[in-house]
Amino acid sequence: MPKGKLFLIPNVLADNTAHWVISPQVQDVIAHTKIFLVENPRSARRYISSLKLGVNLEEVHMEVLDKGTPPESINRLMQPLMNGADIGVISEAGCPGIADPGAMAVAYAHQKGIQVVPISGPSSMFLALMGSGFNGQSFAFHGYLPIDKKERATALKRLEAESIREKRAQIFMETPFRNNQLLEDLLSTLAPQTKLCIAKNLTAADEMIHTKTVADWKNHPVDLHKIPTVFVLQAF
């Protein structure tokens with residue numbers, strides 16, 4: 001029996017933007033897939049409903065694949081593929097497998113010789129890098145920085161030094177309700193001439209992508225509380 005395919009299905013970054021950022025390929029795959037691995041079934045069902053594809057959600061089977069999923073559960077979650085059924089992985093936001101637990105399913109698929117089909121869609125870190133004006137030839141995504149203030153300052157100094165040495169753009173983010181604390185630490189830790197890009201509410205109507213020096217940001221404060229934001233720095 002032929003094995004199924006593992007489709008990596010992007011989600012929106014902001015509400016009411018599917019008509020701008022979700023491709024016909026995504027819609028076609030969702031319309032013809034009955035099994036999904038998702039971080040949150042409720043929001044995944046809401047996303048599928050928002051596409052207005054005529055999908056009967058009562059006929060759709062969803063399993064949770066999130067950061068708390070133990071590795072030993074992957075075999076069970078992926079079993080339908082071995083039986084010939086396709087599975088779609090839907091991220092909570094953006095693209096599966098990029099700073100996302102969907103990578104566990106992809107790794108398993110490669111081990112078992114299952115075809116992996118990534119589908120183009122919005123990725124907050126790549127959109128931020130594209131809009132930053134920084135080095136797109138050498139960059140690194142660091143996810144979430146330490147919460148502890150001293151550890152965070154040490155991490156920021158390290159990223160700044162690496163950026164100078166490697167001519168590298170450094171990308172990172174924070175939980176939205178802690179964005180202002182991170183920004184405060186960025187402005188108090190980094191050198192005044194270091195450039196910082198702040199990209200908030202990407203793809204939304206009030207999207208903002210601004211690149212300024214740390215010194216300039218100190219003179220033009222911005223409130224990022226509870227707003228999805230990606231930060232990119234490049235030091236010279």
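The values are calculated or read from the model by the stated rules, or taken from the named source; none is laboratory data. Keep in mind that what you see is a predicted model, and the values were worked out from it rather than measured. FYI the Cβ positions are ideal-geometry reconstructions off the backbone, even for glycines, and counts take in every protein chain you see. To get the accessible areas, we keep the full protein, side chains included, count just its heavy atoms, and leave off ligands, DNA and RNA. Shrake-Rupley method; radii C 1.70, N 1.55, O 1.52, S 1.80 Å.
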Answer yes or no as to whether Phe172 is under 27 Å from Lys67 (Cβ atoms) and of a type outside the set (Ser, Thr, Tyr). yes
Checking Ile48, Ile22, Ile30 in turn, the sole residue that is at pLDDT 95 or above, more than 29 Å from Met208 (Cα to Cα) and under 20 Å from the mean Cα position of the chain (by Cα) turns out to be Ile30
Open item on the list: Among the residues that make up the stretch 98-113, is at least one of them under 15 Å from the mean Cα position of the chain (by Cα) and either modelled with pLDDT of 95 or more or of a type in the set (Asp, Glu) (or both)?
Closed with: yes
Going through (1) closer than 23 Å to Lys112 by Cβ; (2) of a type outside the set (Gly, Ala, Ser); (3) modelled with pLDDT of 95 or more; (4) open to solvent by 60 Å² or more (accessible area, probe 1.4 Å) one by one, Met62 fails only at (4)
For helices (runs of 4 or more DSSP H) lying entirely in the stretch 117-204, having 2 or more residues that are among the charged types (D, E, K, R) and open to solvent by 20 Å² or more (accessible area, probe 1.4 Å) picks out 149-166
Flagged in the stretch 208-236 as open to solvent by 60 Å² or more (accessible area, probe 1.4 Å) and without any contact (Cβ under 8 Å) to a residue 24 or more places away in the chain, in numbering order, are His210, Asp216, Asn219, His220, Pro221
Counted residues in the stretch 173-187 being out of contact with any helix residue (DSSP H, G or I) (no Cβ under 6 Å at 6 or more places or on another chain) and either under 22 Å from Val12 (Cβ atoms) or in contact (Cβ under 8 Å) with a residue 24 or more places away in the chain (or both) come to 10
Among the residues of the stretch 91-105, the number that are farther than 18 Å from Ile30 by Cα, of a type in the set (A, V, I, L, M, F, W, C) and open to solvent by less than 50 Å² (accessible area, probe 1.4 Å) is 1
Quick count over the stretch 78-90, residues being open to solvent by 10 Å² or more (accessible area, probe 1.4 Å) and either touching a helix residue (DSSP H, G or I) at 6+ places or on another chain (Cβ under 8 Å) or touching a residue at least 24 places away in the same chain (Cβ under 8 Å) (or both), is 6
Any residue at all in the stretch 145-165 that is closer than 28 Å to Ala18 by Cβ and either at pLDDT 95 or above or in contact with a helix residue (DSSP H, G or I) (Cβ under 7 Å, 6 or more places away or on another chain) (or both)?
no
Note to self: Among the residues that make up the stretch 163-181, is at least one of them within 15 Å of the chain's Cα centre (by Cα) and among the acidic types (Asp, Glu)?
What the structure shows: yes
Considering the stretch 106-116, residues that are more than 24 Å from Phe172 (Cβ to Cβ) and in contact with a helix residue (DSSP H, G or I) (Cβ under 9 Å, 6 or more places away or on another chain), and then whichever is most open to solvent (accessible area, probe 1.4 Å), we arrive at Gln115
